Amino acid sequence: MDRAPSAEAPGTLTPPADSLRDAAALLILVRSGRLAADRYASLVEDAGSGLAVLERERLQAAPQTSFFADPVADLQAELARVENEIATWRAQGLRLHTVLDAGYPEALRAVHDRPPLVFVAGRLKPRDGRAVAVIGSRDASPLGLKTAAEIAAELVAQRFTVVSGLAAGIDTAAHTAALKRGGRTIAVIGTGLSRCYPSANVILQRRIAAECAVISQFEPAVGPSAETFRARNAVISGLSLASVIVEADHRSGTRIVARCALAQGRPVFLLESLLEQRWARELAEHPAVHVAGNPAELAATVERITALDALVA
């Protein structure tokens, strides 16, 4: 693969010869923090190449803010270094998909706040395009845990993939029930794939990676933080045709997923029992929020609504 500057435009990079180099370029852009991550997703899609965007930013940057002191030589060296990092992750079974890759989830690609790249442990399948998020409180009641498991089982019976956040409580119940029923489940985590939070779910995370898929928008070694968990909420809803809130209170981060889903044009489902709370009654007034009385009714309504609704970016 020729990595030298082209003869026609001295100092510029050759077009990407493979997805590895282009992924490395996009990762360099994200690490720079010069723009919001979702902005890089749009720029790279428009340009059709992460390498092209990186080259343009390098040339446009003022000398004092440029990525590199010696732009041509240092950029080539940085690209090679990041390529080696990606190759190491691949050897560990962690795949990196950019927004330009065929392996990037289509439902997520359709939303405005998509991350420019995602890391995947395990394998995504075409049937994961029929995904529904089942989410709720970490400090769930016994009834909430039972209901989450029943909803997940009903969705699996309808051949939906169950998406959740691998948190304690409702998330864990949903993932576990989907696996028990032989269905597909995807865990969207707020750390890198080499980490696990909560640590009590490390075995569950490994099982989901072995049998289905675990997804993160963060580099493998990134640890948990309030910021990473807020960011992953948009990925949970973005991967899903709809989001189901099983149990939550007015302080719950689950409400952030609901807001993300509605902003992305995706429906939200509430159990009727939640309407005892003011926040749920207010949320239910939104035209894209649907209320169901029990897991079977909810699964049937999700099937009907998602069959009619197109993905909205």
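Debye-formula intensities of segment 84-176, expressed as log10 I(q)/I(0) at q = 0.13, 0.14, 0.17, 0.20 Å⁻¹, are -0.56, -0.64, -0.85, -1.01 (one equal scatterer per alpha-carbon, no solvent). Taking the Cα centre of segment 116-308 as reference, the dipole from Cβ charges on Lys and Arg (+1) and Asp and Glu (-1) amounts to some 560 debye. Among Ile245, Gln277, Gly265, flag the residue with its Cα farthest along the positive direction of the charge dipole of segment 238-279, charges on Cβ as +1 for Lys/Arg and -1 for Asp/Glu. Checked the options; the winner is Gly265.
Put one equal scatterer on each alpha carbon of segment 200-313, apply the Debye formula with no solvent term, and list log10 I(q)/I(0) at q = 0.12, 0.22, 0.23 1/Å to two decimals. The calculated log intensity ratios at q = 0.12, 0.22, 0.23 Å⁻¹ are -0.50, -1.28, -1.32. Of the GluC sites (Glu not before Pro) found in segment 250-301, those in coil by DSSP whose Cβ has at most 15 other Cβ atoms within 10 Å are Glu285. With both labels modelled 7 Å from their Cα along Cα-to-Cβ, the Ile305 to Arg56 distance reads 3.8 nm.
Normalised by the number of residues in the chain, the average gap of Cα pairs under 8 Å and 6 or more apart makes the relative contact order 15 percent. For segment 153-257, just say rounded, prolate or oblate: build the C-alpha gyration tensor, square-root its eigenvalues into a ≥ b ≥ c, call rounded for a/c under 1.5, and beyond that prolate if a/b exceeds b/c, oblate if not. Cα axes put segment 153-257 in the oblate bin. In the P(r) worked out for the chain, what percent of Cα pairs fall beyond 24 Å? Percentage above 24 Å: 53. Less than 20 Å from a label point 7 Å out along the Cα-to-Cβ axis of Glu272: which backbone N atoms in segment 292-307 qualify, by residue? The answer is 292-305. A simple rule links phi to the HN-Hα coupling: the Karplus curve 6.51 cos²θ - 1.76 cosθ + 1.60 with θ = phi - 60°, which for segment 239-256 gives 6, 10, 5, 7, 10, 10, 9, 8, 7, 6, 10, 5, 9, 6, x, 4, 5, 5 Hz, with x for Gly and Pro. Measuring spread by the Cα atoms of segment 122-190 yields a radius of gyration and Dmax of 11.0, 34 Å. Placing dummy labels 7 Å off each Cα toward the beta-carbon, the span from Glu285 to Ala200 is 3.7 nm. Of the trypsin sites (Lys or Arg not before Pro) found in segment 96-171, those that fall in a DSSP loop while having at most 15 other beta-carbon atoms within 10 Å are Arg123, Arg159.
Looking at segment 206-255, which trypsin sites (Lys or Arg not before Pro) are DSSP coil and have at most 11 other C-beta atoms within 10 Å of their C-beta? For trypsin sites (Lys or Arg not before Pro) across segment 206-255 that sit outside H, G, I, E and B with at most 11 neighbouring Cβ atoms in 10 Å, the list reads Arg251.
Read the figures in this text as sums done on the coordinates, not as results from a lab. These numbers come from a predicted model, not from an experiment. Counting neighbours? That spans all protein chains shown, and the Cβs are built from the backbone with ideal geometry, glycine included.
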